[in-house]
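In what follows, a single structure is set out as structure tokens and then discussed.
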Amino acid sequence: MTTLTDDRRVRARDASPARYFYLHMALACAATAFLGFAPTYWVPLAHRTLSASPVIHFHGFLFFTWSLYFVLQTWLAASGRVVNHRSLGIAGVSLATAMTIFGFLASVHVMQHSAALGQREAGIGFSIVPMSGIAFFAIVFVLAIMNTRRPEVHKRLMLLAAVSILDAAIARWFLTFLAPPGPPGPPPVPVTIAPAIVASLLLVVAMARDWRAEGRVHPVYIYGTLALLAVKVLNWPVSESAAWHSFAGGILALAQ
């Protein structure tokens, strides 16, 4: 009875409003992912007008499953169900691994599609965007797993990983509602910078929460946000380099 009472006290303490901040952020990430892809994926899929390869469908399924998984995990942690949270951790490792693999395969597929449209070099150049994005996600996720015994670092790294893959969803709204109609094929790499900045506003919210609650911003947010934006900006010059065209072109040649 004493153990049960203590467990309830722990849950009550952990379920304070501050503990639910990360659940709210996870819900915001999931909503952004769903609404971002609604015009170009979910709505056409519902109307059975979407034509996409199985690789793209499975890629989308894995990434949206991640959004739901992140919501579940933050809810378990916020409600004090730490044992359940940790038990599901192995599922997150498996899911993130599958996301990395299919993120790479989807990048290759986009290059192949661009080559079929007669835009081989544009496709090779643009491939830096999804490949660097999934690499950043994978690195941050591994760091989060390495810091599971440091909850303050772990949860911030997990939020950083979740935000890092939202630029693709936000970019769909830019392309759908703001970009002028253009020929089929990959967009110019520079246009991917603005969606990444918009996605990073979620990290600014997290920084503001840190500042208000603790009087300082955690280094994970500072260095993580700077690293994320640096990757997105550097994609532009790297995409135009001979080294990248040789590397990604080699991958494309192996895939064809």
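The values are calculated or read from the model by the stated rules, or taken from the named source; none is laboratory data. Source: prediction; values computed, not measured. Methodologically, a virtual Cβ is constructed for each residue, glycine included, from the backbone with ideal geometry; neighbour enumeration extends over all protein chains shown. Just so you know, the surface numbers come from the protein's heavy atoms only, side chains and all, with ligands and any DNA or RNA stripped out. Shrake-Rupley method; radii C 1.70, N 1.55, O 1.52, S 1.80 Å.
Would you check which residues across region 42-74 are more than 30 Å from K155 (Cβ to Cβ) and either among the polar types (S, T, N, Q) or over 20 Å from the mean Cα position of the chain (by Cα) (or both) and list them?
Of everything in region 42-74, those that are more than 30 Å from K155 (Cβ to Cβ) and either among the polar types (S, T, N, Q) or over 20 Å from the mean Cα position of the chain (by Cα) (or both) turn out to be V43, P44, L45, A46, H47, R48, T49, L50, S51, A52, S53, P54.
Within the bounds of region 129-139, is there any residue that is under 17 Å from L62 (Cβ atoms) and touching an Asp or Glu at 6+ places or on another chain (Cβ under 8 Å)?
Checking region 129-139: at least one residue is under 17 Å from L62 (Cβ atoms) and touching an Asp or Glu at 6+ places or on another chain (Cβ under 8 Å).
Just for region 176-187: of the residues that are under 23 Å from the mean Cα position of the chain (by Cα) and open to solvent by 80 Å² or more (accessible area, probe 1.4 Å), which one is modelled with the lowest pLDDT?
L178
If only one of A194, A213 is in contact (Cβ under 8 Å) with a residue 12 or more places away in the chain, closer than 22 Å to C29 by Cβ and surrounded by fewer than 14 Cβ atoms within 10 Å (Cβ to Cβ), which one is it?
Every option except A213 fails the conditions.
Taking the condition buried (at least 21 other Cβ atoms within 10 Å of the Cβ) and more than 24 Å from A31 (Cα to Cα), does S87 pass?
no
Just checking, does region 220-229 include any residue being in a helix (DSSP H, G or I), without any contact (Cβ under 8 Å) to a residue 40 or more places away in the chain and open to solvent by less than 60 Å² (accessible area, probe 1.4 Å)?
Yes, because at least one residue in region 220-229 is in a helix (DSSP H, G or I), without any contact (Cβ under 8 Å) to a residue 40 or more places away in the chain and open to solvent by less than 60 Å² (accessible area, probe 1.4 Å).
Go over the candidates A227, A196, A171, A208 one by one and state the one that is over 25 Å from F64 (Cα atoms) and not charged (D, E, K, R).
A208
Tell me which residues, restricted to region 123-158, are surrounded by fewer than 17 Cβ atoms within 10 Å (Cβ to Cβ) and outside any helix (DSSP H, G or I).
T148, R149, R150
Of T97, T49, which residue is more than 20 Å from E240 (Cα to Cα), open to solvent by 50 Å² or more (accessible area, probe 1.4 Å) and not in a helix (DSSP H, G or I)?
T49
Looking at (1) at pLDDT 90 or above; (2) open to solvent by less than 40 Å² (accessible area, probe 1.4 Å), can you tell me which one Y41 breaks?
(1)
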